[in-house]
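Reading through the structure tokens given below for one structure.
The values are calculated or read from the model by the stated rules, or taken from the named source; none is laboratory data. For clarity, every value in this text was computed on a predicted model and none was experimentally measured. No Cβ is skipped: glycine too gets one built from the backbone with ideal geometry, and neighbour counts run over all protein chains shown. We work out accessible area using only protein heavy atoms, side chains counted, and drop any ligands, DNA or RNA first. Shrake-Rupley method; radii C 1.70, N 1.55, O 1.52, S 1.80 Å.
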Amino acid sequence: EQIERLLDRGVRIYAPAAFASHADHMVVRAAALALRAEGFEVSLYADLPHATIRGWPAWVNGKNGPTSKDLASALWEHVLAPTGAAGPTVRHLDAAAHAEKLLAVGMYGTQLQALEDLVGRPLADPEVLGYEVIWPTAPPAHAVQHGGRRRSGLRSCDR
């Protein structure tokens with residue numbers, strides 16, 4: 001409710017998909033999905049580098065391998081199943097966009113070593129941060145239109 005009060009109608013919320021069960025990412029995703037129930041548009045993104053601890057799904061990086069061994073795809077499908085995520089958009093970062101992403105990630109100086117330890121590779125490796133993947137989510141079926149915005153049907157005293 002506190003976040004909802006700060007948002008303008010019609011904004012799209014981007015939240016981490018929380019693939020590695022990172023507690024902070026899970027809380028942010030839960031808050032975003034709760035706001036979706038209140039009528040906000042929500043998209044989830046592959047939270048990097050956490051999403052790549054099992055590598056990239058073959059459908060992201062185009063690397064062929066036995067489908068049964070694509071553990072990343074299986075993990076992503078399992079995590080996304082309860083979220084209402086629709087078909088993803090995949091963006092392969094060119095050298096300039098990758099450099100910008102590394103510059104942004106570099107702002108988390110105290111976290112860099114831990115992130116590299118998590119994925120077992122340098123963050124500068126394009127296989128770690130070389131893609132961005134985003135899923136729009138569908139509004140929940142129980143949301144109803146109310147006052148120009150979808151509402152979950154809860155009375156204010158129920159929240």
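The phi-based Karplus calculation (6.51 cos²θ - 1.76 cosθ + 1.60; θ = phi - 60°) puts the 3J(HN,Hα) values of segment 15-27 at 9, x, 6, 6, 6, 9, 6, 5, 4, 5, 5, 5, 5 Hz, whole numbers, x for Gly and Pro. The Cβ shell under 12 Å around residue 93 holds other residues with a net charge of -2, Lys and Arg each +1, Asp and Glu each -1.
Sparsely packed loop sites in segment 40-122 (the trypsin sites (Lys or Arg not before Pro) outside DSSP H, G, I, E and B with at most 13 other Cβ atoms within 10 Å) comprise 63.
Look at the Cα gyration tensor of segment 33-117: its axes a ≥ b ≥ c give a/c of at least 1.5 with a/b at or below b/c, and that counts as oblate.
For segment 71-136, the solvent-accessible area with a 1.4 angstrom probe is 59 square angstrom per residue.
What is the percent carbon and sulfur in the accessible area of segment 8-87, measuring with a 1.4 Å probe over the protein chains and ignoring ligands?
After summing per-atom areas, the C and S share lands at 54 percent.
Give me the net charge for the shell around residue 131: Cβ to Cβ below 13 angstrom, other residues only, Lys and Arg +1, Asp and Glu -1.
Numbers: positive: 63, 91, 101; negative: 47, 94, 125, 127, 132.
With Lys, Arg at +1 and Asp, Glu at -1, the net is -2.
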